[in-house]
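Everything on this sheet refers to the single structure shown next.
The values are calculated or read from the model by the stated rules, or taken from the named source; none is laboratory data. Please read all numbers here as calculations on a predicted model, not as lab measurements. Here the Cβ is made from the backbone with ideal geometry for all residues, glycine too, and neighbour counts use every protein chain on show. Accessible surface is based on the protein model in full, side chains and every heavy atom, while ligands, DNA and RNA are left aside. Shrake-Rupley method; radii C 1.70, N 1.55, O 1.52, S 1.80 Å.
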Amino acid sequence: MKLSDFDFDLPEALIATRPAKPRPSARLLLAEGDRISDRRVSDLTDILRPGDRLVLNNTKVLPARLFGTRSRGDAVAKVEITLLEPRPTGWRALAKPLRKVQVGEVIRFSDRLSAVVAAKSETDLLLAFTLTGADFDAALAEAGVMPLPPYIAAKRAADDQDRTDYQTVFARHSGAVAAPTASLHFDEDLLRALAAKGVDFTEVTLHVGAGTFLPVKVEDVTTHRMHAEWGRVTAAAAEEINATRRAGGRVIPVGTTALRLIESAADENGLLHPFEAETDIFIYPGHRFRVTDALMTNFHLPKSTLLMLVAALMGKARIDRIYQHALRHEYRFFSYGDASLLIPESPRC
């Protein structure tokens, strides 16, 4: 299985830099086996069935991009920081320019927020902030900006609108530095309409890391090492999903993050168990899905692990046709783009 097998040409004009408004007005490519139809996210109330269960990732995106200064005598230099993940002794972070930052010096981001460079590697830093807990969260909210994906950040800077647009309406637990983007298509009205239809919801938490944007660098994709992300499935959430399976309902994660988490928490028989740990599960063609019946997801980067995941769910030839259809009909791609609902012919195959 070669990396080049997952490449395709994407016109620059199809990369969305702003989301659809209102959220459920985004287009939805519905793929049921070999059948493809063009719908809207708002049509989920007609597409989904009573007893289906949507699995939602309730992680909350931090305003993880910070602009600060470091001082050496009278010399002051600018530093751009992107937080990656919390560690017991601080935050792992990227820095621009990394080369000139030294261990032990202080980076100031605002009157309230500063950090000491506790350690440094060839790729990143460990920052020990002067604030913790709620004080840190409040200061970060004031000083930070939303960490837009590289393909959007290259086109425009993040602004105040992204604080709303790049956050789900059910975000509850802070810790992500990237959004679970399929979930951005839901608003409160759509959630209420689906509940009235008899669709059930379960919330899980996977803190999406910046590693989600890392390229695959090996030609044999089976040798790729996946980044790890922290996730939690509570006992109540596991039982809700197990109950849906027992009743014959479909388990439909909203986004690849929710899918990766529940597949990590399921045993060989498809029984979901409480889970609180890091997962580095890598799903590519040949994977046997244990609990997932269908997936709602956006359109993914060429040569990405997420494209490999949807190929595993639908089959490589079928996902190629789906993406050809999306390109031909000018669906909008990536984080702020349109959505797909992928329903394989043989669930959990």
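Annotations
- Remark: residue 77 matches the filter, which requires a residue to be among the hydrophobic types (A, V, I, L, M, F, W, C) and either open to solvent by 30 Å² or more (accessible area, probe 1.4 Å) or out of contact with any Pro (no Cβ under 7 Å at 6 or more places or on another chain) (or both).
- Taken together, the residues in region 120-140 that are part of a helix (DSSP H, G or I) and surrounded by 13 or more Cβ atoms within 10 Å (Cβ to Cβ) amount to 6.
- Selected residue (criterion: farthest from residue 23 (Cα to Cα)) from residues of region 313-349 that are under 18 Å from the mean Cα position of the chain (by Cα) and of a type in the set (A, V, I, L, M): 313
- Each residue in region 61-74 was checked for being surrounded by fewer than 17 Cβ atoms within 10 Å (Cβ to Cβ) and either touching a strand residue (DSSP E or B) at 6+ places or on another chain (Cβ under 8 Å) or modelled with pLDDT of 95 or more (or both), and 3 pass.
- Close Cβ contacts (under 9 Å, 6 or more residues apart or on different chains) running from residues in region 17-29 that are on the phi < 0 side of the Ramachandran plot and among the basic types (Lys, Arg) to residues that are in a strand (DSSP E or B) and surrounded by 20 or more Cβ atoms within 10 Å (Cβ to Cβ) comprise 27/339.
- The set of residues in region 30-44 being farther than 30 Å from residue 220 by Cα and either without any contact (Cβ under 8 Å) to a residue 24 or more places away in the chain or surrounded by 15 or more Cβ atoms within 10 Å (Cβ to Cβ) (or both) consists of 30, 35, 36, 37, 39, 40, 41, 42, 43, 44.
- Among the residues of region 49-65, just one is in contact with a His (Cβ under 7 Å, 6 or more places away or on another chain) and of a type in the set (Lys, Arg), namely 60.
- All of 254, 233 fail the test of being open to solvent by less than 40 Å² (accessible area, probe 1.4 Å), closer than 27 Å to residue 307 by Cα, in contact (Cβ under 8 Å) with a residue 60 or more places away in the chain and not acidic (Asp, Glu), apart from 254.
- Filter pass, residue 187 being open to solvent by less than 40 Å² (accessible area, probe 1.4 Å), without any contact (Cβ under 8 Å) to a residue 40 or more places away in the chain and within 19 Å of the chain's Cα centre (by Cα): no
- Residues satisfying the stated conditions in region 305-333, i.e. part of a loop (DSSP other than H, G, I, E, B) and surrounded by fewer than 20 Cβ atoms within 10 Å (Cβ to Cβ): 315, 329, 330
- A count restricted to region 217-255 and to residues that are more than 17 Å from residue 53 (Cβ to Cβ), modelled with pLDDT of 95 or more and not charged (D, E, K, R) stands at 1.
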